[in-house]
Amino acid sequence: MRHHASSGPLPADPKTPRHPLPPGAPVGTWPVIRHLLPYLLRHKLRVVVALSALLGAKLATVGVPLLLKDIVDHFGTISAALVVPVALIAGYALLRFSSTAMTEVREWVFARVTQTAVRDVSLQTFERLHRLSMRFHLSRQTGALTRDMERGTRGVSTLVNFTLYSILPTIVEVLLVTIWLAVSYEPIFALITFGALVGYVVYTFSVTEWRTQLRRKMNELDSRANARAIDALLNYETVKVFGNERIEADRYDRALHRWQEAAIKNQTSLSLLNAGQSAIISVAVGLMIWQAAVGVAEGRMTLGDLVLVNAFLIQLTLPLNFLGVLYRETKQAVVDIERLFGLLHESDEIKDPPGAPALRVAGAEVRFEGVDFAYDARRPILKAVSFRVPAGQTVAVVGASGSGKSTLTRLLFRFYDPSAGRILIDGQDIKSVQQESVRAALGIVPQDTVLFNDTLAYNLEYGRPGASAEEVMAAAEAARLRPLIQALPDGLQTIVGERGLKLSGGEKQRVAIARALLKNPAILIFDEATSSLDSETERAIQAEIREVARGRTSIIIAHRLSTIVDADQIVVLEGGAVVEQGHHAELLALGGRYAELWALQQDERSTPVV
């Protein structure tokens, strides 16, 4: 069977530079296989049965030419020709069937092993990604990450299937045939077979490496031509306005011409690969037939022996026809699995101390003590921030954009750890307790509420999975969601769309409030929860926030000062440092930074929009 040119894109070249793998991640074929083996060996019995079926299938495959030899030899006598071949032909047919049947048994038995390994690796990676720090997720590219996961899981299946279904069976068959030829015939036959296979493999790998470079160049030029066409079509109006249709067509044609020349070289290399492989096999078959013919002429071999050695060599070349594709796909599968296992080896930035206890919540007092933090050491965000949120009180944190207000929330949730200082809840440093227990004590209504593309009920229940329908509706009532639920044709079963885009901003904020209430946390955080709403909706949401925050430890991150005048205490941040603390009236009387911000916002509200 010949190789054929593929119209699909070539997988990324394994040598193409990519993001560096974390320390400890497997690199190379054998390290990857060693890391993959534990996933496969969870089904040891199935692996043993599959390998036994593989060996049985190859023994049957090798036995087919042997029976064919006996059939040919028995035709040398009249009596045997009338009787014996019937049994031999039946055995020949049975062996051919056995080869196919054992192969199918192998695939059937091993299918669960492969798919379970893919499932286990995928789940482990998914869980691992959710344990990684916020810093990792802010620096990643979601598209690239999902592609790494998709290619990696597909690579697991590809590598296992190619190894078990192509590489290993071919190696077993080569060994069996070579051993049979070496034992049953003169050494020259085994030498010719082995030499042909080595030459075939070396030639195929060498030409495939060369062809990979050509295919990469062809794909690159194809992408450029496609990008040129799309760019011109996206700027259709500009092209028409300036009358430059001919210029764009010429640029596209030049790109197509370069791709055409690369495609011709690629096809030429494919023809060279096919011709070279055919030449190697033809020379080997010629040498085998010549040696066998001499043996038959001298009486050392029979006609059946001549048929046997020829059949053996031809039979071995069938799986080798795909060697180039097999080599390329296996290399790519290894690279893809490296990326997947690389995700599993990403280090945890935020770790619980060994044996860390769960957070014990009593009154839910929050205290920041001399907290320093920087996303990048060259740009400090928080500088010696200290303030206290007494149990059951509401504290607002205000300041200009970039002053570090939202960073306080991320630190409190332990998405990051401070570079200096401590954050305490009821006197316990949150770095010394289980981070899951810290997050269980916190609820948040964020500035931008992102919902799952699922039902309204699912998004509400996300606050406390397993909550009863009555509890969900009670939270929805508290967040003034009943009118929305009644207005929706499907009520709670309405799909809210990607990121909740089927709901308005105010409706999404009410869902966020209901979700936080359903969680019933000891500490509630409102992170600029109304900054993106219109004035009327903002006033309604603010009323609901004041209601749900009453008697509960609450932190309000605010930009609009009018929304936090009733707070028990206001903390003013400037350049990442606390510059003022006090009640609204006290801070106004102080005439400092808070008073400046208040006056500025009052001026903005009184200035008419032209």
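Among the residues making up the stretch 288-317, those that are in contact (Cβ under 8 Å) with a residue 60 or more places away in the chain and under 23 Å from residue 171 (Cβ atoms) are 288, 308, 309, 311, 312, 313, 315, 316, 317.
Tell me which residues, restricted to the stretch 561-572, are surrounded by 18 or more Cβ atoms within 10 Å (Cβ to Cβ) and modelled with pLDDT under 90. Correct list: 561, 563, 564, 567. Residues that are within 30 Å of residue 388 (Cβ to Cβ): which helices (runs of 4 or more DSSP H) entirely in the stretch 399-511 hold 1 or more of them? The helices (runs of 4 or more DSSP H) meeting that bar are 405-412, 435-440, 469-478. On the given criteria, is residue 447 more than 26 Å from residue 575 (Cβ to Cβ) and among the polar types (S, T, N, Q)? Against the criterion (more than 26 Å from residue 575 (Cβ to Cβ) and among the polar types (S, T, N, Q)), residue 447 does not qualify. Here residue 258 fits the description: surrounded by fewer than 18 Cβ atoms within 10 Å (Cβ to Cβ), farther than 16 Å from residue 318 by Cα and modelled with pLDDT of 85 or more.
Filtering the stretch 481-511 to residues that are open to solvent by 70 Å² or more (accessible area, probe 1.4 Å) and within 29 Å of residue 410 (Cα to Cα) leaves 498, 499, 501, 502. Condition check for residue 360 on (1) under 28 Å from the mean Cα position of the chain (by Cα); (2) within 30 Å of residue 390 (Cβ to Cβ); (3) not β-branched (Val, Ile, Thr): one failure, at (1). Looking only at the stretch 332-346, decide whether some residue is without any contact (Cβ under 8 Å) to a residue 24 or more places away in the chain and open to solvent by 10 Å² or more (accessible area, probe 1.4 Å). Checked the stretch 332-346: no residue is without any contact (Cβ under 8 Å) to a residue 24 or more places away in the chain and open to solvent by 10 Å² or more (accessible area, probe 1.4 Å). Is it true that residue 469 is free of Cβ contacts under 8 Å to residues at least 40 places away in the same chain and surrounded by 16 or more Cβ atoms within 10 Å (Cβ to Cβ)? Here the answer is no, as residue 469 does not meet what is asked. For the stretch 441-465, a residue qualifies if it is more than 28 Å from the chain's Cα centre (by Cα) and modelled with pLDDT under 85, and exactly one does: 447. For residue 269, the conditions (1) outside any helix (DSSP H, G or I); (2) surrounded by 14 or more Cβ atoms within 10 Å (Cβ to Cβ) are fulfilled apart from (1). Residues in the stretch 99-117 that are charged (D, E, K, R) and in contact with a His (Cβ under 7 Å, 6 or more places away or on another chain): 112 alone. Note on the stretch 27-45: residues that are surrounded by fewer than 18 Cβ atoms within 10 Å (Cβ to Cβ), part of a helix (DSSP H, G or I) and either in contact (Cβ under 8 Å) with a residue 40 or more places away in the chain or among the polar types (S, T, N, Q) (or both) total 3. Within the stretch 158-179, the set of residues being open to solvent by 30 Å² or more (accessible area, probe 1.4 Å) and within 16 Å of residue 36 (Cα to Cα) comprises 158, 161, 162, 163. When you scan the stretch 519-527, do you find a residue that is part of a helix (DSSP H, G or I) and modelled with pLDDT of 85 or more, even just one? For the stretch 519-527, residues part of a helix (DSSP H, G or I) and modelled with pLDDT of 85 or more: present.
Within the stretch 115-129, the set of residues being over 26 Å from residue 349 (Cα atoms) and buried (at least 21 other Cβ atoms within 10 Å of the Cβ) comprises just one member, 117. None of 284, 275, 279, 227 is in a helix (DSSP H, G or I) and open to solvent by less than 30 Å² (accessible area, probe 1.4 Å) except 284. Restricting attention to the stretch 376-398, report how many residues are outside any loop (DSSP other than H, G, I, E, B) and either surrounded by 21 or more Cβ atoms within 10 Å (Cβ to Cβ) or touching a strand residue (DSSP E or B) at 6+ places or on another chain (Cβ under 6 Å) (or both). Going through the stretch 376-398 one residue at a time, the tally reaches 13.
You will find that of 478, 514, the residue that is open to solvent by 30 Å² or more (accessible area, probe 1.4 Å), aliphatic (A, V, I, L, M), under 30 Å from residue 362 (Cβ atoms) and touching a residue at least 12 places away in the same chain (Cβ under 8 Å) is 478 and no other.
Evaluate the stretch 185-192: report whether one residue or more is open to solvent by 50 Å² or more (accessible area, probe 1.4 Å) and among the acidic types (Asp, Glu). Scanning the stretch 185-192 turns up at least one residue that is open to solvent by 50 Å² or more (accessible area, probe 1.4 Å) and among the acidic types (Asp, Glu). In the stretch 300-317, the condition of being at pLDDT below 80, surrounded by fewer than 19 Cβ atoms within 10 Å (Cβ to Cβ), polar (S, T, N, Q) and part of a helix (DSSP H, G or I) is met by at least one residue. Here 541, 557 are screened, and the one residue that is hydrophobic (A, V, I, L, M, F, W, C), surrounded by 20 or more Cβ atoms within 10 Å (Cβ to Cβ), in contact with a helix residue (DSSP H, G or I) (Cβ under 6 Å, 6 or more places away or on another chain) and at pLDDT 75 or above is 557. Answer with yes or no whether residue 362 is open to solvent by 60 Å² or more (accessible area, probe 1.4 Å) and either more than 22 Å from residue 528 (Cβ to Cβ) or aromatic (Phe, Trp, Tyr) (or both). When the stated conditions are applied, residue 362 passes them.
The values are calculated or read from the model by the stated rules, or taken from the named source; none is laboratory data. Everything quoted here is computed from the prediction, not taken from an experiment. Here Cβ is always computed from backbone atoms with ideal geometry, including for glycine, and neighbour counts include all displayed protein chains. Only protein heavy atoms, including side chains, enter the accessible area calculation; ligands, DNA and RNA are left aside. Shrake-Rupley method; radii C 1.70, N 1.55, O 1.52, S 1.80 Å.
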